[in-house]
Amino acid sequence: MFRMFPFIPGYFYYISIALQIICVLHCIRRGTQQRWIWLIVFVPLIGSIAYFFTEIVPELNRGNWQGGLSSLLVSPAARTRRLEENLRFADTFNNRVLLANAYMLSGRTEEAIELYSSSLTGAFSENEYVINRLIAAYFKTERYPELILLAKKIYNTPPFARSEAHLYYARALEITGDKEGAEKEFRKMKGRFADFEARYQYSLFLQRAGRDSEAQGILEDIVKESPHLSSRERRANYTWIQKSREELRGSLIKKG
């Protein structure tokens with residue numbers, strides 16, 4: 001996810017998630033899931049920007065902006081109520097997913113899980129977007145065994161290796177006691193200039209295992225690589241670079 005303004009990283013983390021969800025919602029409404037969903041979900045920065053300028057901007061240029069703008073200005077509670085009404089009127093896959101996403105944003109995660117789960121039927125039983133959202137919801141509610149079983153359904157799909165779902169899977173394995181399996185998954189995400197969040201989480205995993213020197217090596221690599229990133233990549237990984245610096249400073253204080 002990208003952070004356009006590193007001096008407000010916390011806010012922009014949620015804004016970046018909101019942008020991804022907006023693109024997905026628009027994508028579902030337009031019926032272009034097969035073309036775009038994988039790109040938006042598994043390569044969120046590139047996918048969301050590409051979708052925004054390819055699909056949404058042309059609509060704005062054609063003057064079809066009022067409905068979209070007004071929907072963004074509606075309060076989350078009012079938007080959720082409208083989506084609930086839509087689902088009561090028409091119990092469709094799209095309406096279920098849209099409402100589940102709204103529940104996730106408002107912290108109603110158990111209700112979101114119920115809708116995501118009930119959406120995975122028939123022609124949509126293998127829907128990658130919903131499976132990824134459900135994995136995130138399971139992690140948030142600490143339903144780790146269910147997360148692990150679900151992650152195995154998409155484990156061999158090409159996008160999974162670089163997805164957020166893969167990180168949740170690795171962390172769930174550790175939490176449920178499969179530390180060897182967890183490390184195996186963390187190592188798969190560890191390449192140079194690869195997912196900085198996954199590598200940061202791997203360093204924490206190593207610290208918990210008492211392997212401080214290995215953890216420090218990963219943190220040092222993250223910090224050393226940061227000057228070689230493009231400005232966009234640095235914004236995207238700002239939080240994990242900063243956290244790595246803080247962990248390194250903390251380790252120096254402990255040694256001192």
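The values are calculated or read from the model by the stated rules, or taken from the named source; none is laboratory data. Keep in mind that this is a model prediction, so the values were computed, not measured. Reconstructed Cβ throughout: ideal geometry from the backbone, glycine too, with neighbour counts over all protein chains shown. Surface accessibility is based on the protein's heavy atoms, side chains included, excluding ligands, DNA and RNA. Shrake-Rupley method; radii C 1.70, N 1.55, O 1.52, S 1.80 Å.
Given a 1.4 angstrom probe, I'd like the percentage of the accessible area of the stretch 63-202 that is carbon and sulfur, rounded to a whole number. Walk me through the numbers before you get to the answer.
Numbers: 3840 of 7230 Å².
Carbon-and-sulfur percentage of accessible area, whole number: 53.
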Exercise. Whole-Hz Karplus ³J(HN,Hα) for the stretch 195-200, in order, using 6.51 cos²θ - 1.76 cosθ + 1.60 and θ = phi - 60°, x for Gly and Pro?
Worked result: 3, 6, 5, 4, 5, 4
Seminar exercise, completed: Residue-normalised value, i.e. accessible area per residue, for the stretch 173-256 at 1.4 Å probe, in Å², stands at 57
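Count neighbours as other Cβ atoms within 10 Å of each site's Cβ, and list the GluC sites (Glu not before Pro) in the stretch 77-156 that are DSSP loop with at most 12 such neighbours.
Working: sites: 84, 85, 110, 111, 114, 126, 128, 142, 146; in loops: 126, 142.
Qualifying residues, ordered by number: 126, 142.
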For this session: Specify whether the C-alpha gyration tensor of the stretch 149-256 places it in the rounded, prolate or oblate class, a ≥ b ≥ c being the square roots of the eigenvalues: rounded for a/c under 1.5, otherwise prolate if a/b is larger than b/c and oblate if not.
Result: oblate
For this session: Please list 17, 113 in order of solvent-accessible area, largest first, computed with a 1.4 Å probe with all protein chains present.
Result: 17, 113
Problem set entry | Whole-Å distance, taken between Cα centres, linking the stretch 152-173 and the stretch 103-129 | 17
For this session: Kindly report the accessible area of the stretch 75-160 per residue (heavy atoms of protein chains, probe 1.4 Å, no ligands, DNA or RNA), in Å².
Result: 50
